[in-house]
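Peer 1: If you scroll down you'll find the structure; I have some questions about it.
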Amino acid sequence: MMNMNDILQADVLDIIFDGRNKQYGAYQLRKSYNRRLVIAMAAMLFICLLVMAGSVLAKNVNSKKAQVITVEDYNLTAVDVVPPLPPPPPPPRPQPRV
């Protein structure tokens, strides 16, 4: 257990893990969380900037080429539409037995 003076000057993790096994792994994971978070955020920022730069470069490379659009005329012909066959009549109902 920690003394009162130690508690006032201790880190929150040291207070939580007081009397527990710090070698288990959770202590080290929580202690290095901020560093891992900064690395992950920096990596994501780098990837986003790389994608944006690639997008801008691809746009600039394609804009230098002249794009020619050709439109062809099509003649549409009338098509005879065959009406669908009427549905078959319902089967006769059996006569009730008296």
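The values are calculated or read from the model by the stated rules, or taken from the named source; none is laboratory data. Since this is a predicted model, take the numbers as computed values, not measurements. For neighbour counting, all protein chains shown are included, and Cβ atoms are generated from backbone atoms with ideal geometry for every residue, glycine included. Accessible surface is based on the protein model in full, side chains and every heavy atom, while ligands, DNA and RNA are left aside. Shrake-Rupley method; radii C 1.70, N 1.55, O 1.52, S 1.80 Å.
Peer 1: State whether region 21-62 is rounded, prolate or oblate according to the following rule on the C-alpha gyration tensor (a ≥ b ≥ c being the square roots of its eigenvalues): a/c under 1.5 gives rounded; otherwise a/b larger than b/c gives prolate, and the remaining case gives oblate.
Peer 2: Taking the square roots of the gyration eigenvalues as a ≥ b ≥ c, region 21-62 is prolate.
Peer 1: If you roll a 1.4 Å probe over the chain with all protein chains in place, what percent of the accessible area is carbon or sulfur?
Peer 2: 64
Peer 1: Where does the charge balance sit around Asp6 when Lys and Arg score +1, Asp and Glu -1, over other residues with C-beta under 12 Å from its C-beta?
Peer 2: My count for the surroundings of Asp6 gives -3.
Peer 1: Okay, moving on. Which value in Å is the Kirkwood Rh of the chain over different Cα pairs?
Peer 2: 23.9
Peer 1: By how many nm would the segment from Ser55 to Lys31 lengthen if fully extended, with 0.36 nm per residue of separation less the alpha-carbon distance?
Peer 2: Extra length available between Ser55 and Lys31 comes to 4.8 nm.
Peer 1: If you roll a 1.4 Å probe over the heavy atoms of the protein chains, what accessible area per residue do you get for the chain, in Å²? Present the calculation step by step, with values, prior to reporting the outcome.
Peer 2: Details: 10390 Å² over 98 residues.
Accessible area per residue, the chain: 106 Å².
Peer 1: Can you give the angle from 0 to 90° between the axis of helix 33-63 and the longest principal axis of the chain, with both taken from C-alpha atoms, to the nearest 10?
Peer 2: Helix 33-63 sits roughly 40 degrees off the main axis of the chain.
Peer 1: So how long is each side of region 48-98 along the principal axes, counting just the alpha-carbon atoms, biggest first, in Å?
Peer 2: 89, 41, 5
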